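Just so it is clear, none of the values below were taken in a lab; they were calculated from the coordinates. As the structure is a prediction and not an experimental result, all values here were calculated from the model. Cβ placement follows ideal geometry from the backbone for every residue including glycine, while neighbour counts extend to all protein chains displayed.
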Amino acid sequence: MNDIIREIEAAQMKEEVSDFKVGDTVKVYAKVKEGNRERTQVFEGTVLKRQGGSSRETFTVRKLSNGVGVEKTWPLHSPIVEKVEVVRRGKVRRAKLYYLRARIGKAAKVKEKVQ
């Protein structure tokens, strides 16, 4: 039974997935349907978490919009997500950055990783 599930999940996975980690600032290009039209909408923010595995893997991105924190969670292998573009790499020591929710202003920033 597990082999059948693995085969189905393998067929749904994308071949090319961009390499991003928690703490990175990313641009998520998502398809949005409005009536009979379809357009691409960009959501730029900091990756708070990546969880799950295989075709069920999801990631959460947080941004500030007019002073209000907005978080969105996307399935990584969803056809709605066109691509994920890394704007800058973040230097973090945690796997989940929930503490950023309570921070305001400069305290909510993640240090940039120097290469």
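Data for the structure
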read-out: Amide H within-cut-off set for K83, under 5 Å, with H built and near neighbours excluded; value: Y29
read-out: Whole-Hz ³J(HN,Hα) from phi, Karplus 6.51 cos²θ - 1.76 cosθ + 1.60, for the range 94-110, glycine and proline x; value: 10, 8, 10, 9, 5, 5, 5, 5, 8, 8, 10, x, 5, 5, 8, 7, 10
read-out: K109 paired with S54, simple spin-label distance in nm, labels 7 Å along Cα-to-beta-carbon; value: 4.2 nm
read-out: Degrees separating the helix 2-12 axis from the principal Cα axis of the chain, which is the longest one; value: 70 degrees
read-out: Stretch gain in nm, segment E7-K27, where the contour uses 0.36 nm per residue and the Cα spacing is subtracted; value: 4.2 nm
read-out: Nearby lysines by direct alpha-carbon distance to K96 (threshold 30 angstrom, same-chain neighbours under 8 apart not counted); value: K14, K21, K27, K31, K49, K63, K72, K83, K106, K109, K111, K113
read-out: Point-charge dipole on Cβ atoms (K/R +1, D/E -1) for the range 2-105, about Cα centre, debye to 20; value: 760 debye
read-out: Whole-Hz ³J(HN,Hα) from phi, Karplus 6.51 cos²θ - 1.76 cosθ + 1.60, for the range 20-35, glycine and proline x; value: 9, 10, 5, x, 6, 8, 10, 10, 9, 9, 10, 7, 10, 9, 10, x
read-out: Per-residue HN-Hα couplings for the range 68-83 [Karplus 6.51, -1.76, 1.60; θ = phi - 60°; Hz; x = Gly/Pro]; value: 10, x, 10, 10, 10, 10, 10, x, 5, 9, 6, x, 5, 7, 6, 7
